[in-house]
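**Q** Encoded as C-alpha coordinates, here's the structure I'll be asking about.
The values are calculated or read from the model by the stated rules, or taken from the named source; none is laboratory data. Fair warning: this is a prediction, and the values are worked out from it, not measured in the lab. With ideal geometry, Cβ positions are generated from the backbone for all residues, glycine too; neighbour counts draw on all protein chains shown. Just the protein is used for accessible areas: all its heavy atoms, side chains included, with ligands, DNA and RNA removed. Shrake-Rupley method; radii C 1.70, N 1.55, O 1.52, S 1.80 Å.
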2 protein chains.
Amino acid sequence: MQNKLAEISTVIGDKTRINMLCLLMDGRAYTATELSIAVDIAPSTASVHLNKLVEQKLIECLKQGKYRYFRLASPAVAQLLESLMNLTSSLQSIPSTTPDELKYCRTCYDHMAGKIAVDLLSFMKQEAWITGENEYSLTPIGSESLTQMGLNIKEIVTTKSKKRFAYACLDWSERKEHLSGLLGSQLLKFILDKKWCTRHPHSRELIVTPSGKKSLSRYFNITI
Amino acid sequence: MQNKLAEISTVIGDKTRINMLCLLMDGRAYTATELSIAVDIAPSTASVHLNKLVEQKLIECLKQGKYRYFRLASPAVAQLLESLMNLTSSLQSIPSTTPDELKYCRTCYDHMAGKIAVDLLSFMKQEAWITGENEYSLTPIGSESLTQMGLNIKEIVTTKSKKRFAYACLDWSERKEHLSGLLGSQLLKFILDKKWCTRHPHSRELIVTPSGKKSLSRYFNITI
DNA sequence: ACCATATTTCGTTCAGGAACGAAGTATGAA
DNA sequence: TTCATACTTCGTTCCTGAACGAAATATGGT
(Lines give C-alpha, C1' and ligand atoms only; values in the text may rest on other atoms or scores of the structure.)
Protein backbone atom coordinates (compact mmCIF):
# COMPACT_ATOMS: atom_id res chain seq x y z
CA MET A 1 0.00 0.00 0.00
CA GLN A 2 2.58 2.58 1.02
CA ASN A 3 4.91 0.57 -1.13
CA LYS A 4 2.92 1.55 -4.15
CA LEU A 5 3.00 5.09 -2.96
CA ALA A 6 6.76 5.01 -2.58
CA GLU A 7 7.09 3.58 -6.08
CA ILE A 8 5.06 6.34 -7.58
CA SER A 9 6.82 9.05 -5.70
CA THR A 10 10.27 7.80 -6.65
CA VAL A 11 9.17 7.77 -10.26
CA ILE A 12 7.95 11.32 -9.93
CA GLY A 13 10.99 12.32 -7.95
CA ASP A 14 13.39 12.64 -10.81
CA LYS A 15 14.44 15.94 -12.32
CA THR A 16 14.14 14.73 -15.88
CA ARG A 17 10.82 13.01 -15.46
CA ILE A 18 9.31 15.97 -13.66
CA ASN A 19 10.36 18.19 -16.51
CA MET A 20 8.65 15.85 -18.92
CA LEU A 21 5.50 15.83 -16.86
CA CYS A 22 5.55 19.61 -16.76
CA LEU A 23 5.70 19.70 -20.53
CA LEU A 24 2.73 17.38 -20.67
CA MET A 25 0.76 19.60 -18.32
CA ASP A 26 -0.61 21.52 -21.27
CA GLY A 27 -2.74 18.49 -22.00
CA ARG A 28 -1.16 17.80 -25.33
CA ALA A 29 0.50 14.60 -26.45
CA TYR A 30 4.16 14.63 -27.46
CA THR A 31 6.34 12.08 -29.18
CA ALA A 32 9.22 10.44 -27.37
CA THR A 33 11.76 12.22 -29.53
CA GLU A 34 10.21 15.62 -28.98
CA LEU A 35 10.29 15.09 -25.27
CA SER A 36 13.87 13.90 -25.34
CA ILE A 37 14.90 17.03 -27.20
CA ALA A 38 12.89 19.27 -24.93
CA VAL A 39 14.53 17.97 -21.78
CA ASP A 40 17.89 17.52 -23.49
CA ILE A 41 18.64 13.84 -23.11
CA ALA A 42 19.30 10.98 -25.52
CA PRO A 43 16.22 9.36 -27.05
CA SER A 44 17.16 6.07 -25.50
CA THR A 45 17.20 7.63 -22.06
CA ALA A 46 13.88 9.30 -22.69
CA SER A 47 12.43 5.97 -23.69
CA VAL A 48 13.38 4.48 -20.35
CA HIS A 49 11.90 7.40 -18.45
CA LEU A 50 8.69 7.34 -20.43
CA ASN A 51 8.29 3.63 -19.82
CA LYS A 52 8.59 4.15 -16.11
CA LEU A 53 5.96 6.85 -16.21
CA VAL A 54 3.65 4.62 -18.22
CA GLU A 55 4.26 1.75 -15.85
CA GLN A 56 3.02 3.87 -12.97
CA LYS A 57 0.09 5.04 -15.06
CA LEU A 58 1.16 8.64 -14.84
CA ILE A 59 1.15 8.98 -18.60
CA GLU A 60 -0.28 6.90 -21.39
CA CYS A 61 1.00 6.04 -24.80
CA LEU A 62 -0.87 6.29 -28.08
CA LYS A 63 0.70 4.55 -31.02
CA GLN A 64 0.22 6.17 -34.35
CA GLY A 65 2.37 4.74 -37.08
CA LYS A 66 5.98 4.92 -36.10
CA TYR A 67 5.22 7.67 -33.62
CA ARG A 68 4.37 7.22 -29.99
CA TYR A 69 2.45 10.02 -28.48
CA PHE A 70 2.58 10.42 -24.74
CA ARG A 71 0.18 12.38 -22.63
CA LEU A 72 -0.92 12.58 -19.03
CA ALA A 73 -2.90 9.52 -18.05
CA SER A 74 -5.65 11.23 -16.11
CA PRO A 75 -6.88 14.46 -14.58
CA ALA A 76 -5.75 13.04 -11.25
CA VAL A 77 -2.16 13.22 -12.44
CA ALA A 78 -2.62 16.80 -13.54
CA GLN A 79 -4.04 17.55 -10.14
CA LEU A 80 -1.06 16.01 -8.45
CA LEU A 81 1.30 18.11 -10.52
CA GLU A 82 -0.74 21.15 -9.81
CA SER A 83 -0.55 20.63 -6.08
CA LEU A 84 3.18 20.20 -6.49
CA MET A 85 3.33 23.49 -8.31
CA ASN A 86 1.19 25.07 -5.64
CA LEU A 87 3.97 24.36 -3.21
CA THR A 88 6.53 26.19 -5.29
CA SER A 89 3.99 28.92 -5.94
CA SER A 90 5.30 28.83 -9.45
CA LEU A 91 2.16 27.82 -11.22
CA GLN A 92 3.27 28.78 -14.65
CA SER A 93 0.36 29.55 -16.87
CA ILE A 94 -0.29 26.87 -19.37
CA PRO A 95 1.01 28.07 -22.71
CA SER A 96 -1.98 29.14 -24.68
CA THR A 97 -1.81 28.04 -28.24
CA THR A 98 -1.47 31.09 -30.42
CA PRO A 99 -4.05 30.20 -32.97
CA ASP A 100 -2.75 30.97 -36.34
CA GLU A 101 -5.61 30.38 -38.72
CA LEU A 102 -4.53 26.96 -39.79
CA LYS A 103 -4.20 25.78 -36.26
CA TYR A 104 -7.62 27.10 -35.55
CA CYS A 105 -9.84 25.35 -38.02
CA ARG A 106 -8.87 23.09 -40.85
CA THR A 107 -9.41 19.67 -42.28
CA CYS A 108 -7.57 16.51 -41.36
CA TYR A 109 -8.17 14.11 -44.22
CA ASP A 110 -11.95 14.10 -44.37
CA HIS A 111 -12.88 15.63 -41.04
CA MET A 112 -12.35 18.80 -39.08
CA ALA A 113 -9.29 19.51 -37.01
CA GLY A 114 -7.81 22.40 -35.11
CA LYS A 115 -8.98 24.03 -31.94
CA ILE A 116 -12.60 24.11 -33.06
CA ALA A 117 -12.63 20.38 -33.63
CA VAL A 118 -11.04 19.74 -30.27
CA ASP A 119 -13.62 21.93 -28.56
CA LEU A 120 -16.37 20.27 -30.52
CA LEU A 121 -15.37 16.80 -29.44
CA SER A 122 -15.01 17.82 -25.85
CA PHE A 123 -18.48 19.37 -25.97
CA MET A 124 -19.98 16.21 -27.40
CA LYS A 125 -18.35 14.14 -24.71
CA GLN A 126 -19.39 16.45 -21.94
CA GLU A 127 -22.97 16.58 -23.07
CA ALA A 128 -22.99 12.80 -23.39
CA TRP A 129 -23.75 12.86 -27.07
CA ILE A 130 -21.13 10.18 -27.46
CA THR A 131 -19.55 7.61 -25.16
CA GLY A 132 -16.37 5.62 -25.23
CA GLU A 133 -12.67 6.04 -24.73
CA ASN A 134 -11.11 6.02 -28.13
CA GLU A 135 -13.86 4.43 -30.12
CA TYR A 136 -17.06 6.35 -29.77
CA SER A 137 -20.72 5.43 -29.96
CA LEU A 138 -23.57 7.83 -30.41
CA THR A 139 -25.94 8.02 -27.47
CA PRO A 140 -29.68 8.57 -27.89
CA ILE A 141 -29.13 12.11 -26.63
CA GLY A 142 -26.47 12.72 -29.23
CA SER A 143 -28.50 11.13 -31.94
CA GLU A 144 -31.47 13.32 -31.19
CA SER A 145 -29.46 16.50 -30.82
CA LEU A 146 -27.66 16.01 -34.11
CA THR A 147 -30.89 15.14 -35.88
CA GLN A 148 -32.54 18.25 -34.55
CA MET A 149 -29.57 20.20 -35.83
CA GLY A 150 -30.32 18.89 -39.28
CA LEU A 151 -28.02 15.91 -39.69
CA ASN A 152 -29.55 12.79 -41.16
CA ILE A 153 -28.28 10.51 -38.45
CA LYS A 154 -30.49 7.62 -39.47
CA GLU A 155 -28.87 7.53 -42.88
CA ILE A 156 -25.38 7.81 -41.45
CA VAL A 157 -25.89 5.06 -38.94
CA THR A 158 -27.23 2.67 -41.55
CA THR A 159 -24.45 3.41 -44.02
CA LYS A 160 -22.51 0.33 -44.93
CA SER A 161 -18.89 1.33 -44.77
CA LYS A 162 -15.59 -0.19 -43.84
CA LYS A 163 -14.85 3.02 -42.05
CA ARG A 164 -14.91 3.01 -38.30
CA PHE A 165 -17.92 4.89 -37.07
CA ALA A 166 -16.28 7.38 -34.76
CA TYR A 167 -12.93 7.50 -33.04
CA ALA A 168 -10.40 9.86 -31.53
CA CYS A 169 -7.79 11.27 -33.86
CA LEU A 170 -4.82 13.18 -32.52
CA ASP A 171 -4.59 16.70 -33.76
CA TRP A 172 -1.14 17.61 -34.97
CA SER A 173 -1.27 21.21 -33.86
CA GLU A 174 -3.20 20.89 -30.67
CA ARG A 175 -2.09 17.35 -29.92
CA LYS A 176 -5.47 16.78 -28.50
CA GLU A 177 -8.19 14.46 -29.63
CA HIS A 178 -10.80 15.37 -32.18
CA LEU A 179 -13.52 13.42 -33.89
CA SER A 180 -12.63 11.17 -36.79
CA GLY A 181 -14.39 8.33 -38.57
CA LEU A 182 -17.64 8.25 -40.47
CA LEU A 183 -19.37 10.54 -38.03
CA GLY A 184 -16.55 13.04 -38.21
CA SER A 185 -16.52 13.14 -41.99
CA GLN A 186 -20.29 13.42 -42.21
CA LEU A 187 -20.21 16.22 -39.72
CA LEU A 188 -17.71 18.13 -41.84
CA LYS A 189 -19.80 17.50 -44.93
CA PHE A 190 -22.85 18.81 -43.13
CA ILE A 191 -21.04 21.91 -41.89
CA LEU A 192 -19.80 22.69 -45.39
CA ASP A 193 -23.27 22.08 -46.84
CA LYS A 194 -24.78 24.42 -44.31
CA LYS A 195 -22.04 26.93 -45.12
CA TRP A 196 -21.00 27.22 -41.51
CA CYS A 197 -17.50 26.93 -42.91
CA THR A 198 -16.02 27.26 -46.37
CA ARG A 199 -12.84 25.77 -47.67
CA HIS A 200 -9.88 27.98 -48.30
CA PRO A 201 -9.04 27.56 -51.97
CA HIS A 202 -5.41 26.58 -51.53
CA SER A 203 -4.97 25.08 -48.12
CA ARG A 204 -6.72 22.82 -45.70
CA GLU A 205 -7.87 25.81 -43.79
CA LEU A 206 -11.55 26.18 -43.07
CA ILE A 207 -13.05 29.62 -42.76
CA VAL A 208 -15.88 30.02 -40.33
CA THR A 209 -18.68 32.06 -41.83
CA PRO A 210 -20.75 34.57 -39.83
CA SER A 211 -23.70 32.22 -39.80
CA GLY A 212 -21.31 29.45 -38.80
CA LYS A 213 -20.21 31.42 -35.77
CA LYS A 214 -23.78 31.72 -34.63
CA SER A 215 -24.59 28.10 -35.21
CA LEU A 216 -21.44 26.73 -33.63
CA SER A 217 -22.07 28.88 -30.62
CA ARG A 218 -25.70 27.85 -30.45
CA TYR A 219 -25.33 24.13 -30.96
CA PHE A 220 -21.90 23.45 -29.52
CA ASN A 221 -21.34 26.41 -27.26
CA ILE A 222 -18.17 27.23 -29.15
CA THR A 223 -17.10 30.85 -29.31
CA ILE A 224 -14.69 31.98 -31.96
CA MET B 1 11.40 27.71 -11.53
CA GLN B 2 11.12 24.11 -12.68
CA ASN B 3 14.38 23.64 -10.85
CA LYS B 4 12.60 24.29 -7.61
CA LEU B 5 9.94 21.83 -8.64
CA ALA B 6 12.52 19.19 -9.39
CA GLU B 7 14.13 19.77 -6.01
CA ILE B 8 10.87 19.29 -4.20
CA SER B 9 9.93 16.22 -6.12
CA THR B 10 13.28 14.55 -5.55
CA VAL B 11 12.90 15.21 -1.87
CA ILE B 12 9.46 13.65 -1.94
CA GLY B 13 10.64 10.83 -4.14
CA ASP B 14 12.31 8.77 -1.48
CA LYS B 15 10.77 5.71 0.07
CA THR B 16 11.78 6.61 3.59
CA ARG B 17 10.73 10.23 3.38
CA ILE B 18 7.38 9.35 1.87
CA ASN B 19 6.77 6.97 4.72
CA MET B 20 7.54 9.73 7.17
CA LEU B 21 5.20 12.09 5.40
CA CYS B 22 2.48 9.46 5.49
CA LEU B 23 2.91 9.17 9.23
CA LEU B 24 2.58 12.91 9.52
CA MET B 25 -0.62 12.87 7.52
CA ASP B 26 -2.57 12.48 10.73
CA GLY B 27 -1.72 16.08 11.47
CA ARG B 28 0.13 15.27 14.61
CA ALA B 29 3.64 16.35 15.39
CA TYR B 30 6.18 13.61 16.02
CA THR B 31 9.69 13.74 17.40
CA ALA B 32 12.66 12.78 15.26
CA THR B 33 13.26 9.65 17.28
CA GLU B 34 9.67 8.52 17.03
CA LEU B 35 9.79 8.90 13.29
CA SER B 36 13.11 7.10 12.99
CA ILE B 37 11.71 4.16 14.93
CA ALA B 38 8.50 4.16 12.94
CA VAL B 39 10.27 3.94 9.60
CA ASP B 40 13.05 1.77 10.98
CA ILE B 41 16.22 3.74 10.36
CA ALA B 42 18.98 5.14 12.54
CA PRO B 43 18.20 8.45 14.27
CA SER B 44 21.09 10.07 12.46
CA THR B 45 19.65 9.08 9.13
CA ALA B 46 16.24 10.33 10.12
CA SER B 47 17.77 13.64 11.08
CA VAL B 48 19.17 14.08 7.59
CA HIS B 49 15.85 13.20 5.98
CA LEU B 50 13.89 15.51 8.22
CA ASN B 51 16.23 18.37 7.48
CA LYS B 52 15.71 17.90 3.79
CA LEU B 53 11.97 17.93 4.26
CA VAL B 54 12.19 21.09 6.36
CA GLU B 55 14.46 22.71 3.80
CA GLN B 56 11.80 22.25 1.17
CA LYS B 57 9.14 23.48 3.57
CA LEU B 58 7.24 20.23 3.40
CA ILE B 59 7.34 19.88 7.15
CA GLU B 60 8.16 22.26 9.92
CA CYS B 61 10.05 21.85 13.12
CA LEU B 62 8.98 23.02 16.54
CA LYS B 63 11.65 22.95 19.20
CA GLN B 64 10.58 22.14 22.68
CA GLY B 65 13.36 21.51 25.13
CA LYS B 66 15.45 18.66 23.87
CA TYR B 67 12.64 17.47 21.66
CA ARG B 68 12.00 18.46 18.09
CA TYR B 69 8.49 18.03 16.88
CA PHE B 70 7.92 17.68 13.19
CA ARG B 71 4.65 18.07 11.38
CA LEU B 72 3.36 18.89 7.93
CA ALA B 73 4.16 22.46 6.99
CA SER B 74 0.82 23.36 5.45
CA PRO B 75 -2.51 22.07 4.20
CA ALA B 76 -1.03 22.37 0.73
CA VAL B 77 1.39 19.59 1.58
CA ALA B 78 -1.44 17.44 2.87
CA GLN B 79 -3.27 18.09 -0.34
CA LEU B 80 -0.26 17.05 -2.35
CA LEU B 81 0.03 13.82 -0.44
CA GLU B 82 -3.65 13.23 -0.83
CA SER B 83 -3.48 13.60 -4.59
CA LEU B 84 -0.61 11.18 -4.55
CA MET B 85 -2.75 8.71 -2.65
CA ASN B 86 -5.57 9.31 -5.06
CA LEU B 87 -3.35 7.96 -7.80
CA THR B 88 -2.76 4.69 -6.04
CA SER B 89 -6.53 4.40 -5.86
CA SER B 90 -5.92 2.90 -2.49
CA LEU B 91 -9.13 3.41 -0.67
CA GLN B 92 -7.09 4.47 2.28
CA SER B 93 -8.06 7.73 0.69
CA ILE B 94 -9.99 9.01 3.59
CA PRO B 95 -13.26 10.66 2.63
CA SER B 96 -15.14 7.83 0.95
CA THR B 97 -14.48 5.14 3.52
CA THR B 98 -15.15 7.19 6.56
CA PRO B 99 -18.57 7.22 8.11
CA ASP B 100 -20.11 10.65 8.15
CA GLU B 101 -20.48 10.64 11.88
CA LEU B 102 -16.78 10.10 12.35
CA LYS B 103 -16.00 12.91 9.98
CA TYR B 104 -18.39 15.13 11.80
CA CYS B 105 -17.33 14.96 15.39
CA ARG B 106 -14.70 12.79 16.94
CA THR B 107 -11.58 12.85 18.99
CA CYS B 108 -8.04 13.28 17.72
CA TYR B 109 -5.92 11.94 20.54
CA ASP B 110 -7.02 14.16 23.40
CA HIS B 111 -8.95 16.88 21.63
CA MET B 112 -11.90 17.28 19.31
CA ALA B 113 -11.70 16.89 15.58
CA GLY B 114 -14.07 16.70 12.67
CA LYS B 115 -16.18 19.40 11.17
CA ILE B 116 -17.36 20.67 14.53
CA ALA B 117 -13.82 21.18 15.75
CA VAL B 118 -12.89 22.97 12.57
CA ASP B 119 -15.86 25.27 12.89
CA LEU B 120 -15.09 25.80 16.50
CA LEU B 121 -11.54 26.93 15.83
CA SER B 122 -12.58 29.20 13.03
CA PHE B 123 -15.16 30.78 15.31
CA MET B 124 -12.58 31.36 18.01
CA LYS B 125 -10.23 32.96 15.51
CA GLN B 126 -12.91 35.10 13.99
CA GLU B 127 -14.13 36.36 17.33
CA ALA B 128 -10.54 37.05 18.35
CA TRP B 129 -10.61 34.69 21.27
CA ILE B 130 -7.21 33.49 20.15
CA THR B 131 -4.41 34.92 18.06
CA GLY B 132 -1.46 33.47 16.23
CA GLU B 133 -0.69 31.51 13.13
CA ASN B 134 0.02 28.00 14.25
CA GLU B 135 0.68 28.57 17.89
CA TYR B 136 -2.21 30.27 19.55
CA SER B 137 -2.48 32.53 22.53
CA LEU B 138 -5.64 33.28 24.40
CA THR B 139 -6.74 36.90 24.18
CA PRO B 140 -8.46 38.67 27.08
CA ILE B 141 -11.68 38.41 25.12
CA GLY B 142 -11.23 34.68 24.72
CA SER B 143 -10.23 34.21 28.28
CA GLU B 144 -13.31 36.02 29.52
CA SER B 145 -15.69 34.31 27.13
CA LEU B 146 -14.45 30.85 28.01
CA THR B 147 -14.54 31.64 31.71
CA GLN B 148 -18.10 32.86 31.41
CA MET B 149 -18.91 29.63 29.67
CA GLY B 150 -17.70 27.77 32.70
CA LEU B 151 -14.11 26.82 31.89
CA ASN B 152 -11.57 27.36 34.61
CA ILE B 153 -9.14 29.24 32.42
CA LYS B 154 -7.03 30.49 35.30
CA GLU B 155 -6.23 26.93 36.31
CA ILE B 156 -5.50 25.86 32.76
CA VAL B 157 -3.17 28.76 32.08
CA THR B 158 -1.16 28.10 35.20
CA THR B 159 -0.88 24.36 34.59
CA LYS B 160 2.70 23.19 34.37
CA SER B 161 2.89 20.89 31.42
CA LYS B 162 5.26 19.97 28.63
CA LYS B 163 2.29 20.23 26.38
CA ARG B 164 2.08 23.18 24.10
CA PHE B 165 -0.71 25.49 25.13
CA ALA B 166 -2.71 25.74 21.94
CA TYR B 167 -1.87 25.08 18.35
CA ALA B 168 -3.41 24.21 15.03
CA CYS B 169 -3.78 20.54 14.25
CA LEU B 170 -4.49 19.45 10.70
CA ASP B 171 -7.77 17.67 10.48
CA TRP B 172 -7.58 14.21 9.09
CA SER B 173 -10.82 14.35 7.17
CA GLU B 174 -11.45 18.04 6.75
CA ARG B 175 -7.83 18.99 6.06
CA LYS B 176 -8.45 22.10 8.02
CA GLU B 177 -7.04 23.24 11.27
CA HIS B 178 -8.62 22.52 14.57
CA LEU B 179 -7.58 23.29 18.09
CA SER B 180 -5.02 21.09 19.74
CA GLY B 181 -2.76 21.43 22.74
CA LEU B 182 -3.58 21.95 26.36
CA LEU B 183 -6.45 24.30 25.62
CA GLY B 184 -7.90 21.86 23.12
CA SER B 185 -7.73 18.92 25.49
CA GLN B 186 -9.19 20.92 28.34
CA LEU B 187 -11.96 22.09 26.10
CA LEU B 188 -12.83 18.51 25.22
CA LYS B 189 -12.72 17.56 28.88
CA PHE B 190 -15.06 20.42 29.67
CA ILE B 191 -17.46 19.52 26.89
CA LEU B 192 -17.60 15.92 28.08
CA ASP B 193 -18.05 17.02 31.70
CA LYS B 194 -20.92 19.26 30.69
CA LYS B 195 -22.34 16.38 28.66
CA TRP B 196 -22.49 18.44 25.50
CA CYS B 197 -21.00 15.38 23.89
CA THR B 198 -20.61 11.77 24.93
CA ARG B 199 -18.09 9.27 23.76
CA HIS B 200 -19.14 6.46 21.53
CA PRO B 201 -18.21 3.28 23.40
CA HIS B 202 -16.12 1.68 20.68
CA SER B 203 -14.83 4.40 18.44
CA ARG B 204 -13.42 7.87 18.52
CA GLU B 205 -16.75 9.24 17.57
CA LEU B 206 -18.36 11.88 19.74
CA ILE B 207 -22.11 12.16 19.95
CA VAL B 208 -23.55 15.60 20.41
CA THR B 209 -26.30 15.60 23.02
CA PRO B 210 -29.45 17.71 22.70
CA SER B 211 -28.20 20.10 25.37
CA GLY B 212 -24.84 20.13 23.54
CA LYS B 213 -26.57 21.28 20.40
CA LYS B 214 -28.09 24.21 22.19
CA SER B 215 -24.89 25.18 23.94
CA LEU B 216 -22.65 24.83 20.87
CA SER B 217 -25.07 26.96 18.96
CA ARG B 218 -25.29 29.53 21.70
CA TYR B 219 -21.62 29.85 22.54
CA PHE B 220 -19.96 29.07 19.24
CA ASN B 221 -22.70 29.72 16.74
CA ILE B 222 -22.35 26.17 15.48
CA THR B 223 -25.43 24.53 14.00
CA ILE B 224 -25.56 20.80 13.67
C1' DA C 1 13.18 -3.80 -52.44
C1' DC C 2 15.70 -0.05 -50.22
C1' DC C 3 16.64 3.63 -47.11
C1' DA C 4 15.21 7.02 -43.54
C1' DT C 5 13.22 7.87 -39.29
C1' DA C 6 11.28 6.65 -34.61
C1' DT C 7 11.83 4.02 -30.86
C1' DT C 8 13.57 0.26 -27.82
C1' DT C 9 16.95 -2.86 -25.68
C1' DC C 10 21.34 -3.80 -23.86
C1' DG C 11 25.80 -3.21 -21.64
C1' DT C 12 28.70 0.01 -19.40
C1' DT C 13 30.03 3.94 -16.75
C1' DC C 14 29.55 6.90 -13.11
C1' DA C 15 27.59 10.27 -9.69
C1' DG C 16 24.58 11.02 -6.11
C1' DG C 17 22.81 10.06 -2.06
C1' DA C 18 20.97 6.68 1.62
C1' DA C 19 22.55 4.40 5.38
C1' DC C 20 25.43 3.57 9.39
C1' DG C 21 28.18 4.39 13.62
C1' DA C 22 31.12 7.36 16.22
C1' DA C 23 31.80 11.60 18.08
C1' DG C 24 29.96 16.18 19.17
C1' DT C 25 26.22 19.47 20.98
C1' DA C 26 22.07 20.71 23.55
C1' DT C 27 18.85 20.15 27.19
C1' DG C 28 16.54 18.23 31.23
C1' DA C 29 16.77 15.54 35.55
C1' DA C 30 19.02 13.83 39.77
C1' DT D 1 27.75 19.05 38.98
C1' DT D 2 27.03 14.76 36.63
C1' DC D 3 24.50 11.73 33.98
C1' DA D 4 20.99 10.52 30.61
C1' DT D 5 18.51 11.51 26.64
C1' DA D 6 17.54 13.81 22.12
C1' DC D 7 19.44 15.17 18.27
C1' DT D 8 23.14 16.63 14.79
C1' DT D 9 27.46 16.42 12.20
C1' DC D 10 30.99 13.95 10.00
C1' DG D 11 33.39 10.37 7.45
C1' DT D 12 32.83 6.10 5.17
C1' DT D 13 30.67 2.49 2.57
C1' DC D 14 27.83 0.92 -0.75
C1' DC D 15 24.06 0.58 -4.07
C1' DT D 16 20.66 2.47 -7.02
C1' DG D 17 19.56 4.26 -11.10
C1' DA D 18 20.47 8.07 -14.74
C1' DA D 19 22.84 8.61 -18.80
C1' DC D 20 25.11 7.28 -23.03
C1' DG D 21 26.03 4.95 -27.50
C1' DA D 22 25.65 0.91 -30.31
C1' DA D 23 22.84 -2.30 -32.12
C1' DA D 24 18.17 -4.13 -32.77
C1' DT D 25 13.27 -3.45 -34.11
C1' DA D 26 9.33 -1.16 -36.22
C1' DT D 27 7.21 1.65 -39.58
C1' DG D 28 6.79 4.78 -43.56
C1' DG D 29 8.14 6.53 -47.89
C1' DT D 30 9.98 5.97 -52.51
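**Q** What angle do you read, to the nearest 10 degrees and between 0 and 90, between the alpha-carbon axis of helix A:75-88 and the longest principal axis of chain A?
**A** Orientation of helix A:75-88: about 50 degrees from the principal axis.
**Q** Still on this model: Given charges of +1 on the Cβ of Lys and Arg and -1 on the Cβ of Asp and Glu, with all other atoms neutral, how large is the dipole of the protein assembly as shown about its Cα centre, in debye to the nearest 20?
**A** I would put it at about 320 debye.
**Q** As I understand it, the value is the acute angle between the Cα axis of helix A:43-55 and the longest principal axis of the Cα atoms of chain A; what does it come to in degrees, rounded to 10?
**A** The angle comes out at about 80 degrees.
**Q** Whose amide H sits under 5 Å from the amide H of A:ILE59, counting only residues 5 or more places off or on another chain, with H placed in the peptide plane?
**A** Counting only residues 5 or more places away or on other chains, the set is A:VAL54, A:ALA73.
**Q** Follow-up question, since we're still on this one. Ignoring ligands, DNA and RNA, how much accessible area is buried between chains B and A, both sides summed, with a 1.4 Å probe, to the nearest 100 Å²?
**A** 2400 Å²
**Q** In debye, nearest 20, what is the charge dipole magnitude of region A:101-220 about its Cα centre with +1 on Lys and Arg Cβ and -1 on Asp and Glu Cβ, if you could check?
**A** 320 debye
**Q** What do you get for the angle between helix A:140-149 and the principal long axis of chain A? Use alpha-carbon atoms, 0 to 90 degrees, nearest ten.
**A** It is inclined by approximately 50 degrees.
**Q** Along the positive direction of the dipole of the protein assembly as shown (beta-carbon charges: Lys, Arg +1; Asp, Glu -1; about the Cα centre), which of B:LEU151, B:ASN134, A:LEU170 reaches farthest?
**A** Going by the charge dipole, the pick is A:LEU170.
**Q** Which shape class, rounded, prolate or oblate, goes with region A:113-172 when its Cα gyration tensor gives a ≥ b ≥ c as root eigenvalues, a/c under 1.5 marks rounded, and past that a/b bigger than b/c marks prolate?
**A** Here region A:113-172 falls in the oblate category.
**Q** For the pair B:LYS66 and A:TYR67, how long in nm is the line joining their label points, each one 7 Å along Cα→Cβ?
**A** Each label point is offset 7 Å from its Cα along the Cβ direction, giving 6.6 nm.
**Q** Using label points projected 7 Å from each Cα along Cα→Cβ, tell me how many nm separate A:ARG199 and B:ASN86, to one decimal.
**A** That separation, rounded to one decimal, is 4.5 nm.
**Q** Going 7 Å from Cα along the Cα-Cβ axis for the label, what nanometre distances separate A:TYR67 from the same residue across the other copies?
**A** 6.0
**Q** Given H placed on each backbone N at 1.01 Å, which residues far from B:GLU177 in sequence or on other chains put an amide H within less than 5 Å of it?
**A** Here B:ASP171 satisfy the definition.
**Q** In a GNM of chain A with a 10 Å cut-off on Cα contacts, which of A:ILE116, A:ILE153, A:ILE141 has the highest mean-square fluctuation?
**A** The residue with the greatest mean-square fluctuation here is A:ILE141.
**Q** Roughly how crowded by other chains is peptide A:75-86, in terms of the mean Cβ count from those chains within 10 Å of each of its Cβ atoms?
**A** Partner-chain Cβ atoms within 10 Å, mean over residues of A:75-86: 5.
**Q** Please check chain A for the longest run free of GluC sites (Glu not before Pro) that are loop-located per DSSP (anything but H, G, I, E, B) and have at most 15 other Cβ atoms within 10 Å.
**A** Of all site-free stretches, the longest is A:1-126.
**Q** Given Cβ point charges of +1 (Lys, Arg) and -1 (Asp, Glu) and nothing else, what value in debye, to the nearest 20, does the dipole of region A:102-145 about its Cα centre take?
**A** Dipole of region A:102-145, to the nearest 20 debye: 300 debye.
**Q** To continue, here is another question. Between A:ALA38 and the same site in the other copies, what are the distances in nm, shortest first, taking label points 7 Å from Cα along the C-beta direction?
**A** Taking the point 7 Å beyond Cα along Cα→Cβ, the inter-copy spacings are 3.8 nm.
**Q** If you don't mind, another one. Sorted from shortest, what are the nm distances separating the label point of A:ASN86 from equivalent points in the other copies, each placed 7 Å from Cα along Cα to C-beta?
**A** Counterpart label points of A:ASN86 in the remaining copies fall at 0.9 nm.
**Q** Each residue of region B:117-133 in order: what ³J(HN,Hα) in whole Hz does its phi give by Karplus 6.51 cos²θ - 1.76 cosθ + 1.60, θ = phi - 60°, with x for Gly and Pro?
**A** Karplus values, whole Hz, x for Gly and Pro: 5, 5, 4, 4, 5, 5, 5, 5, 5, 5, 7, 6, 6, 10, 9, x, 8.
**Q** Need the full-extension length gain, B:GLU133 to B:MET149, defined as separation in residues times 0.36 nm minus the C-alpha distance. One decimal, nm.
**A** Once the chain is fully extended between B:GLU133 and B:MET149, it gains 3.3 nm.
**Q** Can you give me the P(r) profile for the protein assembly as shown? Cα pairs, bins 10 angstrom wide beginning at 0, each as a whole percent.
**A** The percentages, shortest bin first, are 4, 17, 20, 18, 16, 13, 9, 3, 0.
**Q** List the residues whose amide H sits under 5 Å from the amide H of A:THR209, counting only those 5 or more places along or on another chain, with H placed 1.01 Å from N in the peptide plane.
**A** A:CYS197, A:THR198
**Q** May I ask you to derive the relative contact order of chain A, considering only C-alpha pairs under 8 Å and at least 6 residues apart, and to give it as an integer percent?
**A** 16 percent
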